[in-house]
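Okay, so here's the structure we're looking at.
The values are calculated or read from the model by the stated rules, or taken from the named source; none is laboratory data. Note that the structure is predicted; figures quoted are calculated from it, not measured. All Cβ positions, glycine included, derive from the backbone under ideal geometry; neighbour counts span all protein chains shown.
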């Protein structure tokens, strides 16, 4: 019988399935590898061991169990990671007393109850029926409305707030999830009133925020109202529909990015399921880091004129700096994916298949705006296109675009090259894309590497620990000493040491040393560690000799020199 929910979860869940839901894993011998989701890298240094049920990144040093991974990638505490994994494993956790529930869990409950409240209001009153009629007219089916949990917020100041407070949640908690606003009198009123409600879900399909749309836009009312950033919801990190789209994105190896909630929903309804949207914000570095886990191919299907939109251009530059292969789905003028799909889903699929490269899109856009036959038109076209060409990383590809522009403008290529040199290389986006996601890892010394190699070799056969001279242990680092002391028994050890063992275990698997080579390798590591310790001692004596010479203490100089020579002979042996 399993001792705890933690052990039961570990028994029921396979690390490859859990991590594979977040990142693309590739078989690498007995292990799996991936590009690390926690720091910027091009060559995979993230390894997962199915035999040991552990993971480790040799680039940023993160690692250990499925719980550590979920905590890190979801940005949650252990209790929340436990709940997420228990849900995946079908393990029932014992009810927690209200006063002992984590803040995050209570806020999730508030958001979930609100979703049920809004769902119930849809179609149950005169305005609720109008809201449902509006959704059906947008070509959303009854099943889709239920599946995406769409609802209606009554046009009342305290409808939702009073309901949630009656369920033993306080007004402050309702405000913390972005569903209430506090008045000057200290009372709480509903943020969303008289709006069709679109719940926003996190990776695990928990409700974390909302988008609300008015049925009839007035002069003083915004068409859409979104939940502000809260403890649960960060619009700069949330992609609407990703919880449903991630498997299809990985399967098709590209993601279609749209603007609106209905664009996403109707795409999924029509069978185009690799579609997500940003939630009330432009594309951010965090969005890109998340999408990078599933595919390097990103298709933009916006109904806006994003060629001139600064925020969108910035997102595009970030995506290019992150190494995405960007394409643009060219939509008919004045239409968005929702309109196209509603009329004929096959038309949208054809547009996706004919998606333009991002540079080609800019070319077509610039050439359609200005007359390339006039000097003024040539100037404006080059002003738009030269910075775009400058950001093409491949010199061969860049050269082909230079040729194309020269041909379009009917000028010599060398003139384009000259103008291109005048444009400063914008490194800000690339720097941001790298520095914000890199983790600073201290450089390891040769002694560190030898100690790690020794312990990883001993993990293969702990009986070889008898080869280690106990006196030599004093010159090991404290972390290595602790690891060696717990080599045989790893119960009740610190999370840091657990992670260290995970790293060394995968390192041992990757080094592929034959059985007959293990003992010679252990002896080589021991000899190297001892030699480095002696050299360190000799360095210290050298400093002491210089000090004694400065003091003209020749007796001390003689004694120290003898010690130095003795150590020198020892190291040569």
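Name the strands (runs of 3 or more DSSP E) wholly within the range 179-261 that hold at least 1 residues that are in the same structural domain as residue 112 (by TED's automatic domain parsing)? It would help to see each step written out before you state the result.
Numbers: elements: 180-182, 188-190, 195-201, 207-214, 224-226, 255-258.
Per the criteria, 180-182, 188-190, 195-201, 207-214, 224-226.
When you look at residue 565, is it in a helix (DSSP H, G or I), on the phi < 0 side of the Ramachandran plot and modelled with pLDDT of 85 or more, yes or no? First the steps, then the outcome.
On the way: in a helix (DSSP H, G or I): yes; on the phi < 0 side of the Ramachandran plot: yes; modelled with pLDDT of 85 or more: yes.
Answer is yes for this residue.
Pairs only if they're at least six apart or on different chains, beta carbon under 8 angstrom, first in the range 500-526 and on the phi > 0 side of the Ramachandran plot, second outside any helix (DSSP H, G or I); list them, first residue then second.
Close Cβ pairs (under 8 Å, with a partner that is outside any helix (DSSP H, G or I)) amount to 512/29.
With the structure loaded, tell me whether residue 110 is out of contact with any strand residue (DSSP E or B) (no Cβ under 7 Å at 6 or more places or on another chain), in contact (Cβ under 8 Å) with a residue 40 or more places away in the chain, more than 30 Å from residue 318 (Cβ to Cβ) and not assigned by TED's automatic domain parsing to the domain that holds residue 495 or whether it fails that test. Show your work before the answer.
Numbers: out of contact with any strand residue (DSSP E or B) (no Cβ under 7 Å at 6 or more places or on another chain): yes; in contact (Cβ under 8 Å) with a residue 40 or more places away in the chain: yes; more than 30 Å from residue 318 (Cβ to Cβ): yes; not assigned by TED's automatic domain parsing to the domain that holds residue 495: yes.
So residue 110 fits the description; yes.
Residue check, residue 72 against (1) buried (at least 18 other Cβ atoms within 10 Å of the Cβ); (2) under 30 Å from residue 107 (Cα atoms); (3) within 16 Å of the chain's Cα centre (by Cα), all met but one. Which one?
Residue 72 satisfies all of (1) buried (at least 18 other Cβ atoms within 10 Å of the Cβ); (2) under 30 Å from residue 107 (Cα atoms); (3) within 16 Å of the chain's Cα centre (by Cα) except (1).
Just name the residue that is nearest to the chain's Cα centre (by Cα) out of those in the range 227-244 that are within 18 Å of residue 107 (Cβ to Cβ) and crowded, with 20+ Cβ neighbours inside 10 Å.
It comes out as 238.
Can you name the residue in the range 183-200 that is in contact with a helix residue (DSSP H, G or I) (Cβ under 6 Å, 6 or more places away or on another chain) and within 18 Å of residue 121 (Cα to Cα) and is also modelled with the lowest pLDDT among such residues?
First pass over the range 183-200, keeping only residues in contact with a helix residue (DSSP H, G or I) (Cβ under 6 Å, 6 or more places away or on another chain): 188, 190, 196-199.
The next check asks that each one be within 18 Å of residue 121 (Cα to Cα); those that pass are 190, 196-199.
Details: 190: 93, 196: 96, 197: 96, 198: 97, 199: 97.
Within the range 183-200, the match that is modelled with the lowest pLDDT is 190.
Using the structure shown, decide if residue 338 is outside the structural domain of residue 135 (by TED's automatic domain parsing), touching a residue at least 40 places away in the same chain (Cβ under 8 Å), assigned to a helix (DSSP H, G or I) and over 30 Å from residue 140 (Cβ atoms).
Spelling it out, it is not the case that residue 338 is outside the structural domain of residue 135 (by TED's automatic domain parsing), touching a residue at least 40 places away in the same chain (Cβ under 8 Å), assigned to a helix (DSSP H, G or I) and over 30 Å from residue 140 (Cβ atoms).
Output yes when any residue across the range 387-410 is touching a strand residue (DSSP E or B) at 6+ places or on another chain (Cβ under 8 Å) and in a helix (DSSP H, G or I), and no when none is.
Within the range 387-410, none of the residues are touching a strand residue (DSSP E or B) at 6+ places or on another chain (Cβ under 8 Å) and in a helix (DSSP H, G or I).
Step by step: first the residues of the range 480-498, then only those that are farther than 18 Å from residue 470 by Cα and in contact with a helix residue (DSSP H, G or I) (Cβ under 7 Å, 6 or more places away or on another chain), then the one that is surrounded by the fewest Cβ atoms within 10 Å (Cβ to Cβ). Which residue is that?
Among those residues, the one meeting the criterion is 490.
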